[in-house]
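Asker: This is the structure I have questions about; it appears just below.
Coordinate-derived values only; no laboratory data. Predicted model, so just to flag it, every value in this text is computed and none were measured. Heads up, the Cβs are rebuilt from the backbone with ideal geometry, glycines too, and the neighbour counts pull from every protein chain shown.
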Amino acid sequence: MLHILLLAAAIQAAEPEQEQEGETGASPWQAEIYSNFTGWTPEELAERDPWDLAHRCGGSLIANGWVLTAAHCIDQAKVDKGYRVRLGADYLDNDEGVTFRIDRMVRHADWNKAEHLYDIALIHYVADKDTHVGSAGPIAPIPLYEGPPLEAGVDVYASGWGQAEEGKDKGFQAELTAVDLRTVDCADYPQYEGKTREYQMCATGRTPGDDADTCTGDSGGPLVLDDPQVLVGVVNWGIGCYRADSAGVYLRIDNEHFRDWIARAMAAAPTVNELR
Ligand code: ARG
């Protein structure tokens, strides 16, 4: 099996000019979850590029071989079909990064699609014959936040290739982008009344009127504390995107939320694909 950290180091040494630029490259833990299906019709290809049609979700590398994502991003059928994980990529439209086959996943047993509950899953990946190294940036896991649940008013950021505007099938963004956010109390948003739980939090732009947000295609991706950079959340859902007076909903990672679930999921027998 390929050792991704050694691999990443070798790539960096070989192609130093391929490293990140600007704020976009500062997420060496950013993962892409994508479909290995390539049988697109000419009609589909007339509308969107193959990388765009294949993109599903974001994720966070949390340990060698393990990517944390949202439950709605993966299921056993997708694993069986051959869904893949990409690491070390900035641009998706030139096949950057290193890709791996997802060989198993553990989804939260209480995941509820309609109500976006317990939207967390862990993905395990392995190298296979299709694993290849394009031009890859740095690859490194992000530590999980160890501390009490975040209050409102904390500076965080999210990253991903999600849609730049609200709507169905708007197309994803080829370049990884990061967006500065600040945690807010979901209870301050009437549209989320009764729709969020204690293990979720909301985040929006840092200044009044700033509609910064994540959107479709960012799901499963990282919500990161500004300082120190640790994983505090998973992109979960939202009513629309980039709306004034709204916010995105994130699943919390902290001392009281999901750190224990993650540890148990990683330690579970390889046959386990659902865990409470
Ligand atoms: N559920 C979306 C996805 O599958 C993420 C939506 C986040 N929405 C928001 N307004 N923050 O990619």
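Asker: So what's the range 205-274 giving for Cα Rg divided by 2.2 N^0.38 Å, two decimals?
Answerer: Rg over 2.2 N^0.38 Å, computed on Cα atoms: 1.35.
Asker: Arranged by the count of other C-beta atoms within 10 angstrom, fewest first, what order do Leu144, Leu122 take?
Answerer: Final ranking by Cβ density, sparse to dense: Leu144, Leu122.
Asker: Rounded to the nearest 500 deg cm²/dmol, what is the calculated helix-only ellipticity per residue at 222 nm for the chain, with -39500 (n - 2.57) per DSSP H run of length n ≥ 4?
Answerer: Estimated from H runs of four or more residues: -3500 deg cm²/dmol.
Asker: May I ask you to evaluate 6.51 cos²θ - 1.76 cosθ + 1.60, the Karplus curve with θ = phi - 60°, for each residue of the range 233-250 and list the ³J(HN,Hα) values in order in whole Hz, giving x for glycine and proline?
Answerer: Values, residue by residue: x, 10, 4, 10, 6, x, 8, x, 9, 6, 7, 5, 6, 9, 7, x, 10, 10 Hz.
Asker: Can you figure out the FRET efficiency of Asp227 with Lys129, using R₀ = 41 Å and their beta-carbon distance, to the nearest 0.05?
Answerer: After rounding to 0.05, the efficiency reads 0.50.
Asker: Follow-up question, since we're still on this one. State the cysteines of the chain left without a partner when partners are defined as other cysteines whose beta carbon lies under 4.7 Å away.
Answerer: Isolated Cys, the chain: none found.
Asker: Using the Karplus equation 6.51 cos²θ - 1.76 cosθ + 1.60 (θ = phi - 60°), what ³J(HN,Hα) coupling, rounded to whole Hz, does each residue of the range 85-95 give in order, writing x for Gly and Pro?
Answerer: Rounded to whole hertz, the list is 10, 10, 10, x, 9, 10, 9, 8, 7, 10, 6.
Asker: For the chain: lysine pairs with Cα atoms under 23 Å, gap of 8 or more or different chains, count?
Answerer: Lysine pairs meeting the criterion: 10.
Asker: Something else: Which one of Ala71, Gly209, Thr99 is farthest out on the positive end of the charge dipole of the chain, using unit charges on Cβ (Lys, Arg +1; Asp, Glu -1) and the Cα centre as origin?
Answerer: It is Ala71.
Asker: For Cys57, enumerate residues with amide H under 5 Å from its amide H, sequence gap 5+ or separate chain, H modeled in the peptide plane.
Answerer: So Cys57 has HN proximity to Ile33.
Asker: Would you please give the residues with an amide H less than 5 Å from that of Val184, counting only those at least 5 places away or on a separate chain, with H modeled from the backbone geometry?
Answerer: Gly153, Cys202, Ala203, Thr204
Asker: Report the paramagnetic label zone for Asp211: residues of the range 140-173 whose backbone N is under 15 Å from a point 7 Å from Cα along the Cα-to-Cβ axis.
Answerer: 163-168
Asker: Magnitude of the Cβ-charge dipole of the chain, K/R +1 and D/E -1, about the Cα centre, nearest 20 debye?
Answerer: 1180
Asker: Using alpha carbons only, how many angstrom separate the centre of the range 132-185 from the centre of the range 67-120?
Answerer: About 15 Å separates the Cα centre of the range 132-185 from the one of the range 67-120.
Asker: Let me ask something else. At a Förster distance of 41 Å, what's the computed FRET efficiency of Ala263 paired with Asn94, Cβ-Cβ distance as r, to 0.05?
Answerer: Computed FRET efficiency for Ala263 and Asn94: 0.65.
Asker: On to the next question. Write out the GluC sites (Glu not before Pro) in the range 30-138 meeting two conditions: DSSP loop, and at most 16 other Cβ atoms within 10 Å of their Cβ.
Answerer: Sparse-neighbourhood loop GluC sites (Glu not before Pro): Glu115.
Asker: Under a Cβ-Cβ cut-off of 14 Å, what is the net charge of the residues other than Glu193 that fall near it, where Lys and Arg count +1 and Asp and Glu count -1?
Answerer: Net charge around Glu193: -2.
Asker: Taking the Cα centre of the chain as the origin and placing charges on Cβ (Lys, Arg +1; Asp, Glu -1), which of Pro148, Gln191, Ala136 is farthest toward the positive end of the dipole?
Answerer: Pro148
Asker: Moving to a separate point now. Taking each pair of different alpha-carbon atoms in the chain once, compute 1/r for the pair, average those values, and report the inverse of that mean as the Kirkwood hydrodynamic radius in Å to one decimal.
Answerer: Taking every pair of different Cα atoms in the chain, averaging 1/r and inverting gives 18.7 Å.
Asker: Assuming R0 = 25 Å, can you tell me the calculated FRET efficiency for the pair Arg243 and Ala152, based on Cβ-Cβ distance, to the nearest 0.05?
Answerer: About 0.85, to the nearest 0.05.
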